[in-house]
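The values are calculated or read from the model by the stated rules, or taken from the named source; none is laboratory data. Quick caveat, the model's predicted, so the values are computed rather than measured. Because the Cβ atoms are built from the backbone with ideal geometry, glycine has one as well, and the counts that use them run over all protein chains shown.
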Protein chains: 2
Amino acid sequence: MLDAHGTATGCLAGVRILDLTQFEAGPSCTEALAWLGAEVVKVENPKSGDPGRGSFRSKPGQDSWYFLLFNANKKSITLNLKSPRGLELVTELASKADVFVENFAPGAIERLGLGYDAIRKVNPGIIYAQVKGFGTGSPYENNLAFDMIAQACGGIMSVSGESDRPPVKPGATLGDTGTGMLLAISVLGALYRRKGTGQGERLEVAMQDAMLHYIRVCFAAQAATGKPAVRAGAKLASGGNPPAGIYPCKPGGANDYVYIYTSRANPAHWHHLLEVIGRQDLIGNPQYETGLARVEHEPEIDEMISVWTRRHDKNEAMRILGAAGIPAGAVLDTGELQNDPSFEQRGIMQTIEHRTCGPFKMPAWPVRHGGTPPTVKPAPLLGEHNDDVLGAWLGLNEDDVKGLRKEGVV
Amino acid sequence: MLDAHGTATGCLAGVRILDLTQFEAGPSCTEALAWLGAEVVKVENPKSGDPGRGSFRSKPGQDSWYFLLFNANKKSITLNLKSPRGLELVTELASKADVFVENFAPGAIERLGLGYDAIRKVNPGIIYAQVKGFGTGSPYENNLAFDMIAQACGGIMSVSGESDRPPVKPGATLGDTGTGMLLAISVLGALYRRKGTGQGERLEVAMQDAMLHYIRVCFAAQAATGKPAVRAGAKLASGGNPPAGIYPCKPGGANDYVYIYTSRANPAHWHHLLEVIGRQDLIGNPQYETGLARVEHEPEIDEMISVWTRRHDKNEAMRILGAAGIPAGAVLDTGELQNDPSFEQRGIMQTIEHRTCGPFKMPAWPVRHGGTPPTVKPAPLLGEHNDDVLGAWLGLNEDDVKGLRKEGVV
């Protein structure tokens, strides 16, 4: 049901997710499910919670922006999983959940006594989902991994950077969020089936494995050439006909560039581009007319385009080129995106009011449901929902929870 | 239900998806749904089909590897949407579908007469999903976009590359596959609700908007520093304590590097690393002991690590470091990944037998369901399922389809 604000809070209404994840790969997965309306209950240690609360901390005593970004729309409860009572309670919660998600280091969840076999015993219909660094059965299955390790071992870095320079790690956290999104898809597939059959399922995704999914164009290039895919700077690792790349704009800052691309599928792009840059004289010139001819004359082509782009700022260049039907885009930085009113107007960025961090404008779930992305709710404070969840899921009352707090269990 | 091979073909069994997508952003979305067991019927023009069939073509007359990678497990039918009968048939198919997905250029689907309002009229319960380059309501909503344009305008490029050099476009196709994955999540959320309520829904994702989702760590860095996030080569745009980066290995080729990272959350990583590189003498030395101290001495630290890494090849370095509990990963290229038997053994890469292209080992859906990724089936030939789908969905017989072929409709 769309709610009064046209948001999609109801897609997964009634779905209960027990969330034992931290940092980003797991939290990005469960946050997507929370944005679609699931009740996501984050289980954290009572002392300091998800270590992500302390990353990129802006002010002492506050949760980090990083935590706010990856834990919106969730609930938080605290449980000491090393105490027998804490373990008992988390197991009881798991028996009431539809989905259990974790991304601890290899072997940790089993050492806690919360492995798949243990949880399945109390809840045969559970969807049990795990993020690993390296997949079970891989020579590295016991190794630790973080985003950058996955990007190195999963091929992303080998195809990112300039051809004659070392690999770079893209700023996008593909190893984390990229993996989390694939797991979310499988969780949702399993939930769909479970709604009909009640059947549970075990899901596992490894960060290294997930990276291959995002560089399949490079695997296509390799299959065509017989050679490993290369780094191509701002150009296309997969080839493609010139022009395709970034061109310098005024005033010449670090991100003052416009990307221009002319599709092979549409030869008119090249002609329109020649018109825009005032080189109509070259329309039909065989030196430049076909994609193949332009490959041979790429440096000249890049230079004649740059003569034009240097006279414009990147936004102006993008407007002029776009209006002429040529695929073009300014290289925008996070500051420009943060301050562009279009994102807020369309609900793609939303401002939350966090109880201790104050107002924060952050990217929301970017898919619009009935015209609007789901409404972002601030990430929970540590243990904010102890009474709520332990009450609603397990029937404990306020005094019970007080007692647990006294014993150091919550 | 898991089938005999332990695969997940059944998660979305019975779900019918009418797929009017081409190239990658749309096809990657519907392929994920096909891998989870939905019946995905790709509607293509009878002449040449999805233009992606002709990208990166390896041999004349064959579908491209690119097409094979993004259209596995789907069916293909041909329909001339510019003929009245073709339009009638696609509308009838839409009336039988659960989900309709398209990623044509802005306005094209409406000009065909297949916009949301038209489809909703014949199927009020339809989940109607669209990929745009720029979102409805954006100043650029009518502009064309491709993967690289989205990566430029969505912030990805501004945080990818070296700090003192121009931005690069990561080899990962975040603008396409990255967007497709987010749409798949929303489609699945909508399907889950629809199973209970029968309710349809309109979904839209813009490639530019989707990019923000993948660089949220950079938005966190910006919130903490007050400045736009920067490019940091192979290091972390978000900061983080040294060592974190790539280190050169023998024999010194383009991808002969190992990524080494020491987590702030675990100070033992640094001590273990000093032991591995034979510098136990520095354990406890205040010049290097804390993250903050290491920031001040980063060049020295990088050099002392490089002295060790240069003596090893990247795989050996990864093994030694990993065994010592230090997060580390070799920079692997697509050739090394393609030839690593572990991926095939675990079902992460699977070899298909394509009727005209022959055998092709390709990345599969990387999430394991009950231990195994879903089985990859070869992408369809153009119109391969005309009889099958027009029969099963619309009750046409072989002669009907023959007639349509004669009239140029299929």
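Laid out as a table, the results:
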read-out: Some residue of segment A:395-403 being farther than 23 Å from A:Phe70 by Cα, in the same structural domain as A:Val43 (by TED's automatic domain parsing) and touching a residue at least 12 places away in the same chain (Cβ under 8 Å); value: yes
read-out: Odd one out for B:His369, checked against (1) touching a residue at least 24 places away in the same chain (Cβ under 8 Å); (2) surrounded by 24 or more Cβ atoms within 10 Å (Cβ to Cβ); (3) under 30 Å from B:Asn241 (Cβ atoms); value: (3)
read-out: Flag for B:Gly358 being out of contact with any Gly (no Cβ under 7 Å at 6 or more places or on another chain) and not assigned by TED's automatic domain parsing to the domain that holds B:Phe67; value: no
read-out: Restricting segment B:302-315 to residues that are charged (D, E, K, R) and in contact (Cβ under 8 Å) with a residue 60 or more places away in the chain, the residue that is surrounded by the fewest Cβ atoms within 10 Å (Cβ to Cβ); value: B:Arg311
read-out: Single residue of A:Ile156, A:Ile127, A:Ile149, A:Ile119 found to be more than 13 Å from chain B (Cβ to nearest Cβ), aliphatic (A, V, I, L, M), in contact (Cβ under 8 Å) with a residue 24 or more places away in the chain and buried (at least 24 other Cβ atoms within 10 Å of the Cβ); value: A:Ile119
read-out: Criterion (under 27 Å from A:Ala105 (Cα atoms), facing chain A (nearest Cβ under 10 Å) and not hydroxyl-bearing (Ser, Thr, Tyr)) met by exactly one of B:Ala328, B:Ala317; value: B:Ala328
read-out: Number of the exception - A:Leu273 against (1) within 26 Å of the chain's Cα centre (by Cα); (2) buried (at least 23 other Cβ atoms within 10 Å of the Cβ); (3) aliphatic (A, V, I, L, M); (4) more than 7 Å from chain B (Cβ to nearest Cβ); value: (1)
read-out: Residue among A:Glu300, A:Glu336 that alone is over 25 Å from B:Val230 (Cα atoms) and either part of a helix (DSSP H, G or I) or in contact with a His (Cβ under 8 Å, 6 or more places away or on another chain) (or both); value: A:Glu300
read-out: Test for B:Leu68: is it in the same structural domain as B:Thr173 (by TED's automatic domain parsing) and part of a loop (DSSP other than H, G, I, E, B); value: no
read-out: Single unsatisfied condition, A:Leu174 versus (1) more than 7 Å from every other protein chain (Cβ to nearest Cβ); (2) over 24 Å from B:Leu191 (Cβ atoms); value: (1)
read-out: Test: residue in segment B:225-236 that is among the small types (Gly, Ala, Ser), facing chain A (nearest Cβ under 7 Å), in contact with a Lys or Arg (Cβ under 9 Å, 6 or more places away or on another chain) and in a helix (DSSP H, G or I); value: no
read-out: Checking B:Tyr259 against (1) over 19 Å from A:Ala152 (Cβ atoms); (2) assigned to a strand (DSSP E or B), the condition it does not meet; value: (1)
read-out: Subset of segment A:316-337 [buried (at least 21 other Cβ atoms within 10 Å of the Cβ), without any contact (Cβ under 8 Å) to a residue 24 or more places away in the chain and within 19 Å of B:His213 (Cβ to Cβ)]; value: A:Thr334, A:Leu337
read-out: Hits in segment A:200-222 - residues which are among the polar types (S, T, N, Q) and at the interface with another protein chain (Cβ under 7 Å from one of its Cβ atoms); value: A:Gln222
read-out: Residues of segment B:29-40 that turn out to be in contact with an Asp or Glu (Cβ under 6 Å, 6 or more places away or on another chain) and in contact (Cβ under 8 Å) with a residue 40 or more places away in the chain, as a count; value: 1
read-out: Unique match (being closer than 19 Å to B:Thr351 by Cα, at pLDDT below 95, assigned by TED's automatic domain parsing to the domain that holds B:His385 and of a type in the set (Gly, Ala, Ser)) among B:Ser48, B:Ser58; value: B:Ser58
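Yes/no per residue for (1) surrounded by 24 or more Cβ atoms within 10 Å (Cβ to Cβ); (2) at pLDDT 95 or above; (3) among the small types (Gly, Ala, Ser):
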position	(1), (2), (3)
B:Pro170	yes, yes, no
B:Asp176	yes, yes, no
B:Asp209	yes, yes, no
B:Pro242	yes, no, no
B:Cys249	yes, yes, no
B:Ala265	no, no, yes
